[in-house]
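One structure is given below, encoded as structure tokens.
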Amino acid sequence: MTDGDGTTFSTSGWFHLELDGTIGFGDLSVVVTRESGPSQVLDVRILVLDPLNGEFGDAPAAPPMPGEDASTWPSITPTTCGNLTTCVGSMYATTVGLAAWWNGTIDSPDDSDAIRLEGDSGDLVQLRVVGVTGAISVEVWERTGDQLNMVESETYHNQPNLTAPPSLFLEHNPDSDLWVVVNSVDSETGLYSFIVAGRSASDETEYGETPDAPWSGPIFSGSEVSLSGHLTSSDEGDSIRLEVGSRS
């Protein structure tokens, strides 16, 4: 295996291959060869690495304090499904194609990673842990202008025994931001992966959340129509106009 810096590693026989440590930017080539019997070569030509949604270098151990500049902390922007009609069937982060990924490492018992969840007031976020190689705790912190408080915490163990709940549902409150902190449990170390998806308050009903005259939103009529929305504690509600006849 040759990494982006030109360093080459090789082995032969029966072996287990692991990529360990931080993989830097650049070309990466992995060649696995079976030496005994007929020659068989597996050449991995492309490795897809996402420089935006992964721990390339150790993430800070804790969220910034209230009032502290957060620009140097890693962040992840949840994928949103759109409005009331386009969100139908998305099921949040249960559909991989509708989610943003984060992959990280807890490499020592005292290691922890803090990641910011981007979003606007009224947005709903789903976070789902999809893989761990050591026990971890996932904490959710809310930071305001003068406070930093933990609002939720769950523990996850090695697959196939990921504990419930499979997902955390989080709300972006006004004048605050959300943070995820991943910690080691029982001094275990390893890899972890989670996906996040969201429902945007501004996209859900672009025409407004309260009725107006004349009506500026879509009108649903005719055949069966499916809608899917969300409500948060700061939500004003969702307005839907249904076109019906006198005998409907």
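Numbers for the structure displayed
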| item | result |
| --- | --- |
| Contacts under 8 angstrom Cβ, first residue in the stretch 149-167 being not assigned by TED's automatic domain parsing to the domain that holds VAL138, partner assigned to a loop (DSSP other than H, G, I, E, B) and at pLDDT 70 or above, 6 or more apart | none |
| Test: residue in the stretch 153-166 that is buried (at least 18 other Cβ atoms within 10 Å of the Cβ) and either touching an Asp or Glu at 6+ places or on another chain (Cβ under 7 Å) or modelled with pLDDT of 90 or more (or both) | no |
| Identity of the residue in the stretch 141-152, touching an Asp or Glu at 6+ places or on another chain (Cβ under 8 Å) and not in a strand (DSSP E or B), that ends up surrounded by the most Cβ atoms within 10 Å (Cβ to Cβ) | THR144 |
| From SER184, SER112, SER121, SER108, residue being of a type in the set (Gly, Ala, Ser), in contact (Cβ under 8 Å) with a residue 40 or more places away in the chain, surrounded by fewer than 17 Cβ atoms within 10 Å (Cβ to Cβ) and closer than 26 Å to GLU68 by Cα | SER121 |
| Residue match in the stretch 96-104 (condition: surrounded by 15 or more Cβ atoms within 10 Å (Cβ to Cβ) and either outside any strand (DSSP E or B) or modelled with pLDDT of 90 or more (or both)) | yes |
| Residues located in the stretch 118-132, provided they are closer than 12 Å to VAL196 by Cα and either assigned to a loop (DSSP other than H, G, I, E, B) or out of contact with any strand residue (DSSP E or B) (no Cβ under 8 Å at 6 or more places or on another chain) (or both) | GLU118, GLY119 |
| Filtered residues of the stretch 193-215 (kept if at pLDDT 85 or above and aromatic (Phe, Trp, Tyr)) | PHE194 |
| So GLY237, is it at pLDDT below 70, over 25 Å from SER75 (Cα atoms) and either in the same structural domain as PRO60 (by TED's automatic domain parsing) or small (Gly, Ala, Ser) (or both) | no |
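The values are calculated or read from the model by the stated rules, or taken from the named source; none is laboratory data. The structure presented is a predicted model; accordingly, all values stated were derived computationally and were not measured. Note that each Cβ is placed from the backbone with ideal geometry, even for glycine, and that neighbours are counted across all protein chains shown.
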